[in-house]
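Colleague: Just passing along the structure, written as structure tokens.
Any read-out appearing in this document is the output of simple, stated calculations on the displayed coordinates, not a laboratory observation. This is a predicted model, so every value here is computed, not measured. Note that each Cβ is placed from the backbone with ideal geometry, even for glycine, and that neighbours are counted across all protein chains shown.
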Amino acid sequence: MKLKIDYGRLGDLQLRILKALWARGAASVAEVRAALGSRRPLAYTTIATMLRKMEARGLVKHREEGRTFIYRAALGAEEVNRGAARRFVERLFEGSVAGAVSHLLQTCDASLEELEELERAIAEAKRRAK
């Protein structure tokens, strides 16, 4: 049975853990904890508990090396980004990509380079739509 993942329900810590695993490929709890860094490091047990919960949701998988669990992301960054973006557009803009992009352009300062990148992306999307 394949789990249905609600990308919009990824918490900040879960996303930080996934990013650490994507960057490393695979890591122990201690390595994930070190990769997260912070002025106030999280407890080892907090990271271990979060990884177990993430595994139950199908976000990560583990293998055992002796007594150590080595975790890896079960999903790629692109899959998570695509799912989160889709959920964002559906929830906040009733599925309107144009509404979402317009809102972002009105509320965020985009550089000239970013606007040119958007123009290229729109041109490519138009080619695919034909």
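Colleague: Estimate the FRET efficiency between His103 and Arg127 by the formula 1/(1 + (r/R0)^6), using the beta-carbon distance for r and 22 Å for R0, to the nearest 0.05.
Modeller: 0.30
Colleague: Okay, moving on. If the chain between Ala56 and Ala85 were fully stretched, how many nm would it gain, using 0.36 nm times the residue separation less the Cα-Cα distance?
Modeller: Full extension from Ala56 to Ala85 adds 8.1 nm.
Colleague: Follow-up. Helix-only estimate, please: 222 nm mean residue ellipticity of the chain, summing -39500 (n - 2.57) across DSSP H runs of length 4 or more and dividing by its residues, to the nearest 500. If you can, show how the numbers build up before the last one.
Modeller: Values: 6 runs with 80 residues, N = 130.
Dividing the helical sum by the residues of the chain leaves -19500 deg cm²/dmol.
Colleague: Under the Kirkwood approximation applied to all pairs of distinct alpha-carbon atoms, what is the hydrodynamic radius of the range 9-73 in Å? Write down the numbers at each step before the final one.
Modeller: On the way: mean 1/r = 0.0861 Å⁻¹.
Over the range 9-73, the inverse of the mean reciprocal pair distance is 11.6 Å.
Colleague: Can you give me the C-alpha center-to-center distance between the range 106-130 and the range 34-87, rounded to a whole angstrom?
Modeller: Spelled out, the Cα-based centre of one part sits 32 Å from the other.
Colleague: Take the Cα gyration tensor of the range 39-81, multiply each eigenvalue by 5, square-root it, and list the three semi-axes largest first, rounded to whole angstrom.
Modeller: Semi-axes from the Cα gyration tensor: 19, 16, 9 Å.
Colleague: Using only the alpha carbons of the chain, determine the length spanned along each of the three principal axes and report them from longest to shortest in whole angstroms.
Modeller: 54, 40, 24
Colleague: Moving on to the next point. Stretched out fully, how many nm does the piece from Ser96 to Glu114 gain, at 0.36 nm a residue minus the Cα gap?
Modeller: Gain on stretching Ser96 to Glu114: 4.4 nm.
Colleague: Using just the alpha carbons, could you tell me how many Å³ per residue the convex hull of the range 62-130 encloses?
Modeller: 161
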